[in-house]
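This report concerns only the one structure given below.
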Amino acid sequence: VNGSGTAANAALAVDLGGTMLKAALITRAGEARGLRRVATPARAAPREVAGLLIETMRALMDETGQREDEIAGVGVSMAAFVTAEGRVTATAHLAPEWVGVDLRELLRPALPANYYFALDTPAPALGEAYFGAGRGLDDFAYVTVSTGIGAGIVSQGKVFIGGLGWAGGVGHLIVEPNGPRRCDGCGNLGCLETYAARQGVLALAQEAMSEFPHSALHETARPLSPRLIFEAAQAGDAAARQVFARAGYYLGLGLTNMINVLSPRCIVVGGGIAQAGDLLLEPARAVIRQSAYPPAHRQVPVVPAALGDLSGLYGAAAMVFHDIRVNPVEAETNAD
Ligand SMILES: [Zn+2]
């Protein structure tokens, strides 16, 4: 199937995240051509974002010399509960006007193609399954630690979505019932996201700064970001290191709960905050080694995504190449 120059040898892949929009032309062999990363206009109206997507995909085709009839399809991973057909039913990280929007109907007139849409947790799980750290594994979970936290679950070689369609909401596991902050996503107290997603890391940094009056974080550029906190931690700042130790501890609680329920062979961790690597993952592994049950669960490997921040993009392409429709039945996949 990896022959060159066949009509269906490439997919247009889009990853519309809460923070970044990525796009590339991806070949069956796994080459990403024309890759671009731009800030997501997260508060922009859907029609405006659709216009940007069309413009981006057209530019990709021009740049790589691909004609429309040489594209196997368009795959879109997005930070929204979206059906395989492109209808958005809920979103925490894009503008509220997205709810009810049919993105395929906004894109297809300008760019006719086979379209595939998925939430940005099953999509990157598929990326890792076909192109990354999940190759050869029939049972694993991909966990993104980013603006939010969520899991894509591969079970018996297929994406597991559950009966209502949205399995994997590990970011809303309550890890501290009397937690001090409301979750930006669901509004509850003590969700994992309030400790280890972007809002959690920023809040932990505020706490650490009051505990460490001489921390370099006080002098760091504003607005503070997980990346800046990571850089301070790498430079040895004790407060910044404490932020990742605490976020990693809570991430470990969430992963332990997930491992005990799913019994996966492996956990693949991706997303922007996971770029902190072992600073975040080692405290998480320590919790799993100590707390997961039965004992076999304590040995579940926690590894970084092989595709870095491109798992979702590769997953978007994998949906196209393997004809995978993640949430195909609109009537039964209403996130409300
Ligand atoms: Zn929540």
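Taking the condition of being more than 13 Å from LYS22 (Cα to Cα) and either out of contact with any helix residue (DSSP H, G or I) (no Cβ under 8 Å at 6 or more places or on another chain) or among the hydroxyl-bearing types (Ser, Thr, Tyr) (or both), how many residues in the range 63-78 meet it?
Final tally of qualifying residues: 5.
Just checking: which of the strands (runs of 3 or more DSSP E) contained wholly in the range 50-123 hold 2 or more residues that are over 27 Å from GLY134 (Cβ atoms)?
By residue number, no strands (runs of 3 or more DSSP E) qualify.
I'd like to check something: does the range 304-319 contain any residue that is out of contact with any Gly (no Cβ under 9 Å at 6 or more places or on another chain) and crowded, with 18+ Cβ neighbours inside 10 Å?
Taking the range 304-319 first, the residues out of contact with any Gly (no Cβ under 9 Å at 6 or more places or on another chain) are none.
Looking through the range 304-319, none of the residues is out of contact with any Gly (no Cβ under 9 Å at 6 or more places or on another chain) and crowded, with 18+ Cβ neighbours inside 10 Å.
Could you grab me the full set of residues in the range 146-175 that are away from the ligand (no atom under 14 Å from the Cβ), open to solvent by less than 20 Å² (accessible area, probe 1.4 Å) and out of contact with any strand residue (DSSP E or B) (no Cβ under 7 Å at 6 or more places or on another chain)?
Residue satisfying the conditions is GLY165 alone.
Which of the residues belonging to the range 258-287 are modelled with pLDDT of 95 or more and assigned to a loop (DSSP other than H, G, I, E, B)?
SER263, PRO264, ARG265, CYS266, GLY277
Taking the range 60-82 as the search range and keeping residues that are touching a residue at least 12 places away in the same chain (Cβ under 8 Å) and out of contact with any strand residue (DSSP E or B) (no Cβ under 7 Å at 6 or more places or on another chain), which one is surrounded by the fewest Cβ atoms within 10 Å (Cβ to Cβ)?
ASP69
Which one is surrounded by the fewest Cβ atoms within 10 Å (Cβ to Cβ), of the residues in the range 176-209 that are of a type in the set (S, T, N, Q) and near the ligand (Cβ under 8 Å from one of its atoms)?
Step by step, filter the range 176-209, then rank; the result is ASN188.
The values are calculated or read from the model by the stated rules, or taken from the named source; none is laboratory data. Not measured: the values here are computed from a predicted model. In this analysis, Cβ positions are derived from the backbone assuming ideal geometry, glycine residues included, and neighbour counts consider all displayed protein chains. What goes into the accessible areas is simple: the full protein's heavy atoms, side chains included, and nothing from ligands, DNA or RNA. Shrake-Rupley method; radii C 1.70, N 1.55, O 1.52, S 1.80 Å.
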